[in-house]
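Have a look at the structure below before the remarks.
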Amino acid sequence: RNSPNLGKGQSLNKGIAASGGDILLLLDADLGATASEASVLLLPLIIGGADMSIATFPVIPGKGGGMGFVVRLARDGIREMTGREMQAPLSGQRAIRQSVLEKIGPIAAGFSAETALTIDALRAGFNVVEVPTNMTHRVTGRSLKSYLHRFKQYVAVRKALTDRRKTPS
C-alpha cells in the first residue's frame, strides 16, 4: 500500500524496485481465487523463450462491464506502432523478464501502464506472447464511478500513445 496513492504505474515500479527476481509476475488485485492460475504466465518465459507473457481472459457473454472504447484505443495504438494485434491490450496479468524492464525503462505512470509496456517491449524487439487463461476479475460496471474510471483510463492510454508517436521506434 502506498500513502498517498501513487497510481498503478508508479506502484508497479515501486514493487519491481523491491524485487530481486529475474522474472517478475505482475497481477491485479481483483483476480480472487483465479490468481492461482498465474503460473501459466511463467511457462513461456521459462521454457518457451518469451520475454513477456500477457494473460487473456475467457469471453463470458453478458459479463463484460465496459463498452470497449479503451480496449479499442489501446489495441489500435499497439497495432499502429508495432504491427501486432493484441487480444488483451489492457491485461495487467503479466510475466516479464527483469532484463526487459532494464532496457525499456520504468513502467509508464497511471492507467497507461499495460499499453505503454506492450509497445515499449515490442519496439525494443522483445518476444511478447499472449497466454489463454481462465482467470476472471471484477468488471467495471456502468455506474458513474465506473464511467469516470474509464474516462481516466482513456486519457492515460491516449497520452501514452501520443508520447510514443513522438518517439519513433
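One table, with the values for the structure above:
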read-out: Count of residues meeting criterion [farther than 12 Å from Lys8 by Cβ and of a type in the set (Gly, Ala, Ser)] in segment 99-118; value: 2
read-out: Members of segment 113-137 found to be assigned to a helix (DSSP H, G or I) and of a type outside the set (D, E, K, R), listed by number; value: Ala113, Thr115, Ala116, Leu117, Thr118, Ile119, Ala121, Leu122
read-out: Residues located in segment 1-25, provided they are hydroxyl-bearing (Ser, Thr, Tyr) and in a helix (DSSP H, G or I); value: Ser11
read-out: Segment 142-165, residues that are open to solvent by 50 Å² or more (accessible area, probe 1.4 Å), over 19 Å from Leu117 (Cα atoms) and assigned to a helix (DSSP H, G or I); value: Leu144, Lys145, Tyr147, Leu148, His149, Phe151
read-out: Residues that are open to solvent by 20 Å² or more (accessible area, probe 1.4 Å) and either within 19 Å of Leu6 (Cβ to Cβ) or in contact with a Gly (Cβ under 6 Å, 6 or more places away or on another chain) (or both), drawn from segment 109-124; value: Ala109, Gly110, Phe111
read-out: Residues that are surrounded by fewer than 20 Cβ atoms within 10 Å (Cβ to Cβ) and either among the acidic types (Asp, Glu) or in a loop (DSSP other than H, G, I, E, B) (or both), drawn from segment 69-91; value: Asp76, Glu80, Gly83, Arg84, Glu85, Gln87
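The values are calculated or read from the model by the stated rules, or taken from the named source; none is laboratory data. This one's a predicted model, so the numbers in the text were calculated from it and none came from an experiment. Neighbour counts are summed over all protein chains in view; Cβ atoms, including those assigned to glycine, are modelled from backbone coordinates with ideal geometry. Surface accessibility is based on the protein's heavy atoms, side chains included, excluding ligands, DNA and RNA. Shrake-Rupley method; radii C 1.70, N 1.55, O 1.52, S 1.80 Å.
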